[in-house]
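J.: Handing you this structure, nothing more for now.
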């Protein structure tokens, strides 16, 4: 009897462990899929399908929309600005249409169906939250949006929208470049593709950006595709930098002058492979962010702030991919003022798997730093 009882206990324990392992596997964050589109920093965009390109448009654009011929469930439009005094580019406003609801976001305002609302705001299938770091919108339609009220906007869609989207985020068909930059044998530049997403408003005059040759410092040491302004494959705070960006070891003065792009590559690689990003290396295509970092150094007038934006985007994407980036900012490197707790904590989201707040039956928005 005692032996049978022992066997029964052992079997139950084995089943419990197996079940626990299955639950752990299910709870583990999914690998980094192509359900996230983002824009950040010096006019960088990443499509749902992994294309990264630079489009310096300052008009109203279709960021991402449900473009089926039948009933369209959502549309996200945005407008960027150059920033005060030609400074660091910002996302000025966002207009979302989700089924019958219209949400208009600025740095200061949240307007729903024409009426200003306070946050958190709840309505049927919709949640809007706002804290010191981010404005977040969750919809049961299968949409999650997060905006830092500065330069960075991230949109996550449910997989049921695959092959049904259009806009700067692309068509979500799983194929980088195809349909966005290559269609029926015709190749489009990033500028041509971006200009096609413009929202035409008869009462507004807004000039399209034109093709501008890449500076020599960019074109010599940047991959050919990014030299054409894209690479295929995958606000309220004050930026405080010691002089310009502190390249090399943190706290050390830059020894890499702008005319030396080969040096810039080494420094960008060093920043993106810092110990704080150790858990990110196998999760993200590092080269895309190295290229964006180099573009920031040779194109952006506020090179330091732009590179900090790219590092912040790398951290956000790493968190979404299931990684746990460390605190890469310091008092002398990419510091924000007023200084706050790490953004992941202030978001109330945490890192994936550590008390993340679920959206209301929509995609899971990620923690970020």
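J.: Output the number of the condition that residue 314 fails; it satisfies all remaining conditions of (1) buried (at least 24 other Cβ atoms within 10 Å of the Cβ); (2) out of contact with any helix residue (DSSP H, G or I) (no Cβ under 6 Å at 6 or more places or on another chain).
T.: (2)
J.: Right, another one. Looking only at region 244-255, decide whether some residue is buried (at least 16 other Cβ atoms within 10 Å of the Cβ), modelled with pLDDT under 90, in the same structural domain as residue 327 (by TED's automatic domain parsing) and not in a loop (DSSP other than H, G, I, E, B).
T.: Among the residues of region 244-255, not one is buried (at least 16 other Cβ atoms within 10 Å of the Cβ), modelled with pLDDT under 90, in the same structural domain as residue 327 (by TED's automatic domain parsing) and not in a loop (DSSP other than H, G, I, E, B), which makes the answer no.
J.: Touching a strand residue (DSSP E or B) at 6+ places or on another chain (Cβ under 9 Å), at pLDDT below 70, over 26 Å from residue 96 (Cα atoms) and in a helix (DSSP H, G or I): is that true of residue 217 in this structure? Before you say what the answer is, go through the steps one by one.
T.: On the way: touching a strand residue (DSSP E or B) at 6+ places or on another chain (Cβ under 9 Å): no; at pLDDT below 70: yes; over 26 Å from residue 96 (Cα atoms): yes; in a helix (DSSP H, G or I): yes.
Judged against the criteria, residue 217 is not a match.
J.: Whether any residue in region 127-134 is surrounded by fewer than 12 Cβ atoms within 10 Å (Cβ to Cβ) and not assigned by TED's automatic domain parsing to the domain that holds residue 308 is what I want to check. Reasoning before the result, please.
T.: Pass one, region 127-134, residues surrounded by fewer than 12 Cβ atoms within 10 Å (Cβ to Cβ): none.
No, that holds for no residue.
The values are calculated or read from the model by the stated rules, or taken from the named source; none is laboratory data. Note that this is a predicted model, so its numbers are computed, not measured. FYI the Cβ positions are ideal-geometry reconstructions off the backbone, even for glycines, and counts take in every protein chain you see.
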